[in-house]
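Notes to accompany the following structure.
The values are calculated or read from the model by the stated rules, or taken from the named source; none is laboratory data. Please read all numbers here as calculations on a predicted model, not as lab measurements. Cβ: placed from backbone, ideal geometry, glycine included. Neighbour counts: every protein chain shown.
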Amino acid sequence: MIKQLHSKKRSKASLSGGLLAIAFTLLHASLGFGAAITEVADAADTIVIGDYEEPNAFDFWLTPVFEYHSASGTITREPGSGCQESNARDCLPVDELSWTSTKMLLNLQMQIGIFRDLALTVGLPLVLENSIGFDYADGVSADNSSIDNGEEGSTLFNHNYKSGRAGLDHLELGLRFAPLSDLRDESKPAWVLFTHWSSPNISTVYKPASHGGTDAEGKTALPIGDGVHRITFGTALSKRIGYFGLIGIADSIYRRGYIDPYLEISYTLPSPGQGLADASQVKTNTNSFGRTPSHTAKVQAGLEYVPHETMKEHEKLTFDLGFVGQYFSEGRNHSIITGPLGELTYTEQFMDVSGRLAMHWRPHRNWNFIVGGSFGYRTEHFLTSENIGKDGNADGVVDDHEDDKFSPYFYCGENPCGEEGASAEGSYDQIGFRFKDSNHLFWTVFTSISLTI
């Protein structure tokens, strides 16, 4: 990024010891750290700080980030065949299962300066562990459970389902460009435009039907990929303010203001890979219903406090207090109950809302240390909300009429609706039998030691 401070000159410049934005992932969502969301590695520039100049031919930032995620909640279900659209107020879901999950991730993040304020970004996440386990909710047993009678002839799946997944996740390649910088011009904000492509090509796809839909306890090496390409577009703004001249900072320190508010907005477009179309993946991409993963939109905002900074010596200490909100549209996804059901499920729209606290310390131009954590809540939403099909003759129902089409994902018992052996009691998409994710809380801790050249 062009960087200049306390100088009458207006040349493009860069601090080669710039800060790399770290990534903090929730269901394929990247999260930058504080006002560093407007930092960009650059090349072919000159550092200008007052009367001090230093050539900066190339920036390379390398940040391995370790993250630990934990989540828990309750799976509820509508109370049965007496629940209809006409009496929706009487269809309050009842507790069925409790669940917990943990995820350990080593995320290797890189920025490579291309020219001036343009950089190439690379992300390579290695999932060390991603496990989930279920048990009966409080007050539920084999005697009153609608999903498990405690015997081999379970209605849907065993209540003590457990599974573990690990491996390389999606490779992320992107570009970042800074049209404006408050270091270049103190009257302007720092403004960054970015895009990146998340590619599933290096990640083995987890196909729940092939890997088993019953109790998977002891399986600790199931693949991690979902076979979906995702393209993200976004923009970020920050502006250092609060000079507080009454403190009387020496000119030789060359520090900026004490407060750095920031804002980032992004949108992610999903596109499922064609390689998912096989019998073990429940007919994806082979019918008019197709596979439609959730679209996502994210906004994060916060305030970074900078109690210590010496620009000439490349030293910095900051504390970040931020908010993150992420919206997921309805879509067919790897949901919480994909493993035990053995198939993808069509989930209702929902949001993740979380707060974050972090500290960044840069004792030297080539090193950065970051530690922080977050806590959040996911809104209630149906995990099984598939449409029964398409009403081709517009008579208000989907039945065996030749113009109507049943969705191959909507199941009535052991068979798709419209086929012999279908029964409403075994459905988990039909109103009255749907599963809902409730009381979903999550927290994360992360740390990194980054190298900047």
Going through the range 342-363 in order, the residues found to be closer than 25 Å to residue 161 by Cα and among the hydrophobic types (A, V, I, L, M, F, W, C) are 344, 350
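Just to be sure I understand, how many residues within the range 374-409 are among the aromatic types (Phe, Trp, Tyr), touching an Asp or Glu at 6+ places or on another chain (Cβ under 6 Å) and under 30 Å from residue 300 (Cβ atoms)? Break it down into steps so the answer makes sense when it comes.
The initial filter retains those residues of the range 374-409 that are among the aromatic types (Phe, Trp, Tyr), namely 375, 377, 382, 406, 409.
From the residues that got through so far, the ones that are touching an Asp or Glu at 6+ places or on another chain (Cβ under 6 Å) too are 382, 409.
Filter once more, so that each one left must be under 30 Å from residue 300 (Cβ atoms): 382.
So the count comes out to 1.
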Exception for residue 125 within (1) touching a residue at least 60 places away in the same chain (Cβ under 8 Å); (2) surrounded by 19 or more Cβ atoms within 10 Å (Cβ to Cβ); (3) over 25 Å from the mean Cα position of the chain (by Cα) falls at (3)
Next item on the list: Determine whether residue 268 is modelled with pLDDT of 90 or more, of a type in the set (Val, Ile, Thr) and within 30 Å of residue 133 (Cβ to Cβ).
Entry: yes
Per the list (1) surrounded by 15 or more Cβ atoms within 10 Å (Cβ to Cβ); (2) within 21 Å of the chain's Cα centre (by Cα), residue check on residue 112 breaks on (2)
For residue 367, the lone unmet condition from (1) modelled with pLDDT of 95 or more; (2) under 30 Å from residue 56 (Cα atoms); (3) not small (Gly, Ala, Ser) is (1)
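What number of residues within the range 340-373 are of a type outside the set (D, E, K, R) and closer than 30 Å to residue 434 by Cβ? Step through it out loud before you land on a result.
Taking the range 340-373 as the starting set, the residues that turn out to be of a type outside the set (D, E, K, R) are 340-342, 344-347, 349-351, 353-355, 357-361, 363-364, 366-373.
After this cut, where a residue has to be closer than 30 Å to residue 434 by Cβ as well, the list is 340-342, 344-347, 349-351, 353-354.
Final tally of qualifying residues: 12.
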Selection from the range 413-435 of residues at pLDDT 65 or above and either surrounded by fewer than 20 Cβ atoms within 10 Å (Cβ to Cβ) or of a type outside the set (Lys, Arg) (or both) yields 427, 428, 429, 430, 431, 432, 433, 435
Going through the range 356-408 in order, the residues found to be more than 30 Å from residue 343 (Cα to Cα), under 29 Å from the mean Cα position of the chain (by Cα) and basic (Lys, Arg) are 356, 362
